[in-house]
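Undergrad: Just dropping this structure here.
The values are calculated or read from the model by the stated rules, or taken from the named source; none is laboratory data. Computed from a predicted model, the values in this text were never measured in an experiment. Please note: Cβ atoms are built from the backbone with ideal geometry, for glycine as well, and neighbour counts cover all protein chains shown.
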Amino acid sequence: MIEDIKIAIDTCLASKRFHSTYIYGETSCGKTYQVEKALKERGIKAHFITSHVTPLALYVFLYKHRKDVVVLDDLDNLTDSMLAILKAALWEVDGKRQISWLTSSNSLADQQIPMTFEYEGKIIITCNNMTTHGKIAPMLARMLVINQVFTKEEFSKVCSLIFEEYGLDGYYVFKNNYINIFTEGLHLRNVLKYCEYVKQGFQKQADELFTTNEVFKFFEVSEVSSVAMLRRGFETRFGLGRATFFRYWKKYRELKDNGW
């Protein structure tokens, strides 16, 4: 998956037909980190929107960076007007990508911005809100799409690189303590926080970021032969119901399918 993101970005930057890469996945799964790293490795200065943005502000932003790489990070407030702007920015008509904001107000004129311009840049979008993912579905054919899901091996590799960036030598202890067992809170943002704490000498606070997921550990060591028997053991051990069991079991199976 790490290489898939790099390949998609490289392809998008070089392509004359596809002008956007769309990366989606669960919160804190490393989408932004991987995008920033890939762009930095390629010496590309990108322009980020990382907070709420209105349709007019998006239009102005794209105009000001009309020949650059733009990253819309955690695009979770997509409106129909924004969708129309992005469609125009990503698909050519008669060989040009023309974006328009036709209005009778002076909002654009006051900023000396035209009501129509040609966009020649590239757009990278990250998203973790499935409602937004549904809204953007009609545009997916115009994008190179990556679902950010780490295998255990890939996650370990990224964590190793983060430890190197911080100049820390405790990666293998970290891997044995947290990656090799099922752990709550094991995502890249917490790995970055962990390294920050350790760098400043606060090991106790670093370790408190993670706790063993006892339910997943129970699934892992269980020797029963059927899901029904496992569910009964789960209910006895944790005092939780059928629906909760299947919610945990689904997540556990997803992790196992991805090599954890």
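Undergrad: Pull up segment 93-110, narrow it to residues that are among the charged types (D, E, K, R) and more than 27 Å from the chain's Cα centre (by Cα), then point me to the one that is surrounded by the fewest Cβ atoms within 10 Å (Cβ to Cβ). Working first, answer last.
TA: Of segment 93-110, the ones among the charged types (D, E, K, R) are 94, 96-97, 110.
Next, from what is left, pick out any that are more than 27 Å from the chain's Cα centre (by Cα): 94, 96, 110.
Numbers: D94: 5, K96: 9, D110: 8.
My answer is D94.
Undergrad: I've got another one for you. Can you tell me which residues in segment 120-134 are surrounded by fewer than 20 Cβ atoms within 10 Å (Cβ to Cβ) and either of a type in the set (S, T, N, Q) or modelled with pLDDT under 75 (or both)?
TA: At the first step, the residues of segment 120-134 found to be surrounded by fewer than 20 Cβ atoms within 10 Å (Cβ to Cβ) are 120-121, 128-134.
Passing the criteria: N128, N129, M130, T131, T132, H133, G134.
Undergrad: Collect the residues in segment 241-260 that are loosely packed, with under 14 Cβ neighbours inside 10 Å and modelled with pLDDT of 85 or more, keeping them in residue-number order.
TA: Answer for segment 241-260, where residues must be loosely packed, with under 14 Cβ neighbours inside 10 Å and modelled with pLDDT of 85 or more: G241, R242, A243, F246, R247, K250, R253.
Undergrad: Now for a separate question. Taking the options K16, K67, name whichever one is modelled with pLDDT of 95 or more and either in a loop (DSSP other than H, G, I, E, B) or touching a helix residue (DSSP H, G or I) at 6+ places or on another chain (Cβ under 6 Å) (or both).
TA: On inspection, the qualifying residue turns out to be K67.
Undergrad: Continuing with this model, one more query. Checking S156 against (1) over 13 Å from Y59 (Cα atoms); (2) surrounded by fewer than 14 Cβ atoms within 10 Å (Cβ to Cβ), which single condition isn't satisfied?
TA: Among (1) over 13 Å from Y59 (Cα atoms); (2) surrounded by fewer than 14 Cβ atoms within 10 Å (Cβ to Cβ), the lone unmet condition for S156 is (2).
Undergrad: A further question on this structure: Looking only at segment 195-220, count how many residues are touching a strand residue (DSSP E or B) at 6+ places or on another chain (Cβ under 9 Å) and surrounded by 14 or more Cβ atoms within 10 Å (Cβ to Cβ).
TA: 3
Undergrad: I would also like to ask the following. Can you tell me which residues in segment 23-46 are in a loop (DSSP other than H, G, I, E, B), in contact with a strand residue (DSSP E or B) (Cβ under 7 Å, 6 or more places away or on another chain) and modelled with pLDDT of 90 or more?
TA: Taking segment 23-46 first, the residues in a loop (DSSP other than H, G, I, E, B) are 25-30, 42-45.
When the remaining residues are screened for being in contact with a strand residue (DSSP E or B) (Cβ under 7 Å, 6 or more places away or on another chain), the result is 25, 44.
Answer for segment 23-46, where residues must be in a loop (DSSP other than H, G, I, E, B), in contact with a strand residue (DSSP E or B) (Cβ under 7 Å, 6 or more places away or on another chain) and modelled with pLDDT of 90 or more: just I44.
Undergrad: Continuing with this model, one more query. Which of the following residues is without any contact (Cβ under 8 Å) to a residue 40 or more places away in the chain and closer than 30 Å to T116 by Cα: I44, I23, I9?
TA: Details: I23 fails: without any contact (Cβ under 8 Å) to a residue 40 or more places away in the chain; I9 fails: without any contact (Cβ under 8 Å) to a residue 40 or more places away in the chain.
Every option except I44 fails the conditions.
For every residue, the table says whether it meets (1) among the hydroxyl-bearing types (S, T, Y); (2) buried (at least 16 other Cβ atoms within 10 Å of the Cβ).
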site: I9; (1), (2): no, yes
site: S15; (1), (2): yes, no
site: Y22; (1), (2): yes, yes
site: T32; (1), (2): yes, yes
site: K37; (1), (2): no, yes
site: T50; (1), (2): yes, no
site: Y59; (1), (2): yes, yes
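Undergrad: For the structure I just gave you, tell me whether A46 is surrounded by 15 or more Cβ atoms within 10 Å (Cβ to Cβ), in the same structural domain as T126 (by TED's automatic domain parsing) and closer than 15 Å to M143 by Cβ. Spell out how you get there, then give the answer.
TA: On the way: surrounded by 15 or more Cβ atoms within 10 Å (Cβ to Cβ): yes; in the same structural domain as T126 (by TED's automatic domain parsing): yes; closer than 15 Å to M143 by Cβ: no.
Against the criterion (surrounded by 15 or more Cβ atoms within 10 Å (Cβ to Cβ), in the same structural domain as T126 (by TED's automatic domain parsing) and closer than 15 Å to M143 by Cβ), A46 does not qualify.
Undergrad: Could you please give the count of residues in segment 201-229 that are assigned to a helix (DSSP H, G or I) and not β-branched (V, I, T)? Let's see the steps before the verdict.
TA: Step one: of segment 201-229, the residues assigned to a helix (DSSP H, G or I) are 203-207, 214-221, 227-229.
The next check asks that each one be not β-branched (V, I, T); those that pass are 203-207, 214, 216-220, 228-229.
Selection size over segment 201-229: 13.
Undergrad: Could you run through segment 221-232 and say how many residues are in contact with a helix residue (DSSP H, G or I) (Cβ under 8 Å, 6 or more places away or on another chain) and either under 30 Å from K193 (Cβ atoms) or surrounded by 15 or more Cβ atoms within 10 Å (Cβ to Cβ) (or both)?
TA: Within segment 221-232, residues that are in contact with a helix residue (DSSP H, G or I) (Cβ under 8 Å, 6 or more places away or on another chain) and either under 30 Å from K193 (Cβ atoms) or surrounded by 15 or more Cβ atoms within 10 Å (Cβ to Cβ) (or both) number 2.
Undergrad: Among the numbered criteria (1) at pLDDT below 85; (2) surrounded by fewer than 17 Cβ atoms within 10 Å (Cβ to Cβ); (3) part of a loop (DSSP other than H, G, I, E, B), which one does L186 miss?
TA: L186 satisfies every listed condition except (2).
Undergrad: Kindly state which strands (runs of 3 or more DSSP E) lie completely within segment 87-176 and contain at least 1 residues that are in the same structural domain as K16 (by TED's automatic domain parsing) and acidic (D, E). I'd like the intermediate steps shown before the answer.
TA: On the way: elements: 98-100, 116-118, 122-127, 144-147.
In segment 87-176, the matching strands (runs of 3 or more DSSP E) lie at 116-118.
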